[in-house]
Amino acid sequence: MSDDKPAKTGRGPLAGCVRLAVERYFADLNGQCPGTSLYETVIGEVEAPLIETVMRHVGHNQCQAAKILGINRNTLRKKLLNYGLADRPDAAPSTQGSDLL
């Protein structure tokens, strides 16, 4: 199996964390119905910290982050905006050399 293709077995360390968290979620409900949209809830809880961590790992380089995440850069940009992760103090354009104009 190639190292750049994730296993689709659901047996990796992240799968174990998700499994444990969902089991804890159901236990906390004490038999109550979880309602609807559990999938959206889990994705919403996981996607933002995933993107935030990857962005930090690559020094906020969107092209590198999109490649690591396996998504289009425009999709990443939309998600950054959606989760409020696009506004960083160091994201402002550099003003170095602007006094030369």
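Annotations
- Residues of the stretch 44-92 that turn out to be at pLDDT below 95, in a loop (DSSP other than H, G, I, E, B) and surrounded by 14 or more Cβ atoms within 10 Å (Cβ to Cβ), as a count: 3
- Condition broken by residue 37, with the remaining ones in (1) under 12 Å from the mean Cα position of the chain (by Cα); (2) on the phi > 0 side of the Ramachandran plot; (3) hydroxyl-bearing (Ser, Thr, Tyr) satisfied: (1)
- Only a single item in (1) at pLDDT 95 or above; (2) exposed (fewer than 11 other Cβ atoms within 10 Å of the Cβ); (3) assigned to a helix (DSSP H, G or I) is not met by residue 99, and it is number (1).
- Residue in the stretch 26-43 that is modelled with pLDDT of 90 or more and not in a helix (DSSP H, G or I) present: yes
The values are calculated or read from the model by the stated rules, or taken from the named source; none is laboratory data. Quick caveat, the model's predicted, so the values are computed rather than measured. Every residue, glycine among them, receives a Cβ derived from its backbone with ideal geometry; neighbour counts consider all protein chains shown.
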